[in-house]
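What follows is a single structure, and I will ask about it in a moment.
Read the figures in this text as sums done on the coordinates, not as results from a lab. Model, not experiment: these values are computed from the prediction. Virtual Cβ from ideal backbone geometry, glycine too; neighbours counted across all protein chains shown.
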Amino acid sequence: MLNFIPFEDIHAQTFKDLNIEWLEAFFVVEPYDELILSNPETEIINKNGFIFMTENENGIIGTFAFLKKGEGLFEFSKMAVIPNERGKGYGNQIMQFAIHFAEQHKWEKIILYSSTILENSIYLYRKYGFTEIPIEQDAQYARGNIKMKLNL
């Protein structure tokens, strides 16, 4: 069972480290990643976004963020779980918490960007009701080739 901890300054390095590890394992760290991950307070929190750290009995094992994109519109982003805790169903718990959090705040829509090579992630998003929508030509991530949304 996961606990969800709102981001504090003391989590900044862990937030960055978790995401860098995940990005380097599957892709590369892009300039936009470096900007966000090096400045979570100014790039996410101060722009009315949210970051959560996920914790189990072993300590902090993951993270995810919501980036505000408009009124009632947030991007689900920066989800990462440490390697030895992957495949244990934590993605389901994160999605359940994230959707519940969004509904509590009366958001209208969540969007996300991903890559179709991440088949397990795409399956998870579809399982929770996300549907594919057209991706912009100038999307922020070179690795992203799929955009999805969830109407709340």
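So how far, in whole Å, is the C-alpha centre of segment 1-31 from the one of segment 112-151?
Between the Cα centre of segment 1-31 and that of segment 112-151, the gap is 19 Å.
Pairs of Cα atoms under 8 Å, at least six residues apart: use those to get the relative contact order of the chain, whole percent.
After rounding, I find 20 percent.
Here's a follow-up. Percent relative contact order of segment 88-152, based on C-alpha pairs within less than 8 angstrom and at least six residues apart?
43 percent
Among ILE133, ILE82, ILE20, which residue has its Cα positioned farthest towards the positive end of the charge dipole of the chain, with +1 placed on the Cβ of Lys and Arg, -1 on the Cβ of Asp and Glu, and the dipole taken about the Cα centre?
Positive-most Cα among the choices belongs to ILE133.
What list of ³J(HN,Hα) couplings, whole Hz, do you get for segment 50-65 from phi and the Karplus terms 6.51, -1.76, 1.60, once you set θ to phi - 60° and write x for glycine and proline?
Working through the residues one at a time gives 9, 10, 10, 9, 10, 9, 10, 4, 8, x, 6, 10, x, 7, 6, 9 Hz.
While we're on this one: Between PHE101 and GLU21, with labels modelled 7 Å along Cα→Cβ, what's the label distance in nm to one decimal, could you check?
Placing both labels 7 Å along Cα→Cβ, they lie 1.9 nm apart.
Here is a further query. For the residues LYS88, LYS78, what sequence is obtained by ranking on other C-beta atoms within 10 Å, fewest first?
Fewest-to-most Cβ neighbours within 10 Å comes out as LYS88, LYS78.
Fewest Cβ neighbours within 10 Å first, please rank MET148, MET79, MET1 accordingly.
MET1, MET148, MET79
Based on C-alpha coordinates, I'd like the Rg and Dmax of the chain, in Å.
14.3, 43
Can I ask one more? Give, as ranges by residue number, the residues of segment 100-119 whose backbone N falls under 20 Å from the point 7 Å along Cα→Cβ of LYS47.
Residues 102, 107-115 fall inside that zone.
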